[in-house]
1. Under a point spin-label approximation (7 Å from Cα along Cα-to-Cβ), what is the A:Thr260-A:Ser179 distance to one decimal in nm?
2. Starting at the first residue of the range A:224-241, write each ³J(HN,Hα) from the Karplus equation 6.51 cos²θ - 1.76 cosθ + 1.60 with θ = phi - 60°, in whole Hz, x for Gly and Pro.
3. In bins 10 Å wide, starting from 0, what share of all Cα pairs of the range B:1-56 does each bin hold, as a percent?
4. Seen from all sides and averaged, what is the projected area of the convex hull of the Cα atoms in the range B:40-117, in nm²?
5. For A:Leu133, list long-range residues whose amide hydrogen, built 1.01 Å from N in the peptide plane, is under 5 Å from its own amide hydrogen.
6. Determine the shielding of peptide B:13-19 by partner chains: average, over its residues, the number of Cβ atoms on other chains within 10 angstrom of each Cβ.
7. Given labels modelled 7 Å from the Cα in the Cβ direction, how far is it in nm from A:Ser229 to B:Ala66?
8. For B:Lys11, which aspartates and glutamates qualify as cross-link partners when the Cα separation must be under 20 Å and same-chain residues fewer than eight apart are set aside?
Amino acid sequence: MTIAIITEAGVRKVAPLVVVAQQAAALAQLYAGVAEASVGNRIYPDYATGNAATSAGQYFFVASAGAYALHIHGTATALAPFPVLDPATGNLGIGTSSPAMPLHINKADQSVARLRLQNTGTGGHAFDIIAGLHGASNEGISIRDVTAGATRLNITNTGDLGICSATVTAVFGHTMQISDGSANGTVSIVGTSGAGYMATFGASLIVAGRTGMSLALGANDSTKMTLSSSYIVLDVGLSNYADDSAAAAGGVPVKGLYRTGSAVKMRVS
Amino acid sequence: MAAELDIAAFKRVPFDDDVVIIGENLTGAAFALHIRAHPGDTGTALVSLGNTTPPTQGVSVTYDAAYQYQDGADLITAPASNIRICIDEATLEGLALGTPYDEPVDLFYDLHVTPSGGTKRVQFGGKFSLKPGVTI
């Protein structure tokens, strides 16, 4: 029979009958699965699933199907969608009682199948990483600027990429579609900026750098065209024609290039 | 630091009680407990206990890495050493009652603990009240 418990705080004498009663009550809570009335935010041992919280701020530790997990309940009896911590793996589940990854969010609609990152500092925005597409579809994955109300990145279920383009119209193969909300779309590859910036309109590909630029096009490990800040190289084998008419007869289209000797010419209408 | 703990025993029954030390593992420690009429007495102890295997008279310890006890409304789990003190009925009956004989006799005790590889210290001590009891 324990007559005293000595802790760092001092000696606590134990009145046997009281201790037995208190321990019995505590152990009954621990093992018998009895729900207790709420007393502030407490975690009560409750090994029986399905016990409901009787008031707000009540929480339960629940055993699930023979395993032990920490289930935090509010006022509902269901194990989901409240957080579940699986002590066997350390995985945290939200909306799932069987988290497969360190953080596993499981929801049935794009409106809530999200992870929100919010920066409340000056200039900060809130961003949602969405399993789905905001307001449109449960397919793919996207990143939405919640503060600006715009989808910035969208990867479809087929692997097509949309940048500032909520929808992606696949042409063939895999498509990257860029849109600024109007008919314009610009892909910029920009090095360290110099004075000012390159402004353009229409569908544009901008390749610009402080110390120069280079755009190379080719096929089969062979460069066919190089456009740099100091020269243009065409390695496409321009055909030799005497004049515009001869070039037209040879199949060179209007605005197409041909040569007359070493002179490079362009067909005109 | 030694804890002050007064304990009481009845003359006509064995004394077999536990004192739990929270936060310590005293497995392998050496124990010595003497009961004397007054602190500071140097004569032969009225009762002298050492390490034993219960329920044989003496002191023993068991370690529980997850001992649970109630702290107000909270159930606390902590490692603890359960020190068990056993004194035979014959030993207690051999102790003299005071005058008048119907009053408890206040003797004194303390428990020396020498942890394995550690330094001897007084773990707890205080009055050892011998109650005369009624049933013989």
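Rule-based calculations on the coordinates, nothing more; no lab input. These numbers come from a predicted model, not from an experiment. For neighbour counting, all protein chains shown are included, and Cβ atoms are generated from backbone atoms with ideal geometry for every residue, glycine included.
1. 4.7 nm
2. 9, 8, 10, 10, 10, 6, 10, 6, 10, 10, 10, 10, 10, x, 5, 6, 9, 10
3. Binned Cα distances yield the sequence 14, 48, 34, 3.
4. Numbers: hull surface 34.8 nm².
If you wrap the Cα atoms of the range B:40-117 in a convex hull and average its projections, you get 8.7 nm².
5. Amide H neighbours of A:Leu133: A:Asn138, A:Glu139.
6. Details: counts 0, 0, 1, 1, 6, 6, 8.
Average per residue, whole number: 3.
7. Each label point lies 7 Å from its Cα, and together they span 6.9 nm.
8. Result set, ordered by chain and number: B:Asp88, B:Glu89, B:Glu93, B:Asp102, B:Glu103, B:Asp106, B:Asp110.
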